[in-house]
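Since every read-out is calculated from the coordinates, none of them should be taken as a lab result. Please read these numbers as outputs of a predicted model, since none were measured by experiment. Here the Cβ positions follow ideal geometry from the backbone for every residue, glycine too, while neighbour counts run over all protein chains shown.
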Amino acid sequence: MFKLYLFFGLMVAASAAGAQMLHPMSDPDIIFGRVSQVKEIYYLEPQKGEAIDTLEKRIYWYNINGMTDDIQRARKTRTGWDTNPNEFDLRLKKFGDPPITTGRDGADFKIQYDYKGNEIQRDNYALNGSVATSIKYFYDDKFVRTKSELYRNGELAWTVNYYYEQNRLIKERITFPNRTTYDISYKYEGFDDKNNWIKRTRIVANATKDDRPQVTERRVLYYP
């Protein structure tokens, strides 16, 4: 079974007006406003003369407190769209309830949040029940994610530092224990009336010709 446990350390609910800023799950970027839903499509940047070939569709639901309520994702395969609704179906209808769904790999993971609802640690479990990888997330005093660390079998595998301009993620720098670095930059095109981006391109600095820029387009819906 695929289990997701949620722990809210010193969880303080947001005001009745709802959260004004949130981090998408496992994404360091920030979304402003009282977000209810985010719809995304993902594709590789088309070369000249090519049409857009959507590879993945995602829908994220958020409750009034800015916490992830549900996620559904469909991936394009050779035989069509894989729309297994249970793989990312969290159904977090009550804080503290540990929902159980069925995942393809049968693995479990556990997420811990701080009192603002920011994800601070994710433990991914192997089928034998041991922790295979752990990711720790760090924030500044404005609750902007500044760094993440990935541990594999208890050993630090890599560190990612995040850099922003005007509250927008512009670069990630991945550093390995041997001090090898790997830079990723982000380009934005178009914003909605809450100043949230509607198109973002992820570019690997030392990419090969086969590593094409990755594009995400999205629509953000808000609570009234």
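Fewest-first ordering of 141, 193 by other beta carbons within 10 Å of each residue's beta carbon gives 141, 193.
Arranged from fewest to most other beta-carbon atoms within 10 Å of their beta carbon, 119, 155 become 155, 119.
Each of 187, 136 was scored by other Cβ atoms within 10 Å of its Cβ. Listed from fewest to most, they are 187, 136. For the set 147/199; 76/136; 76/142; 39/116; 57/110, the pairs lying more than 27 angstrom apart at their alpha carbons are 76/136; 76/142.
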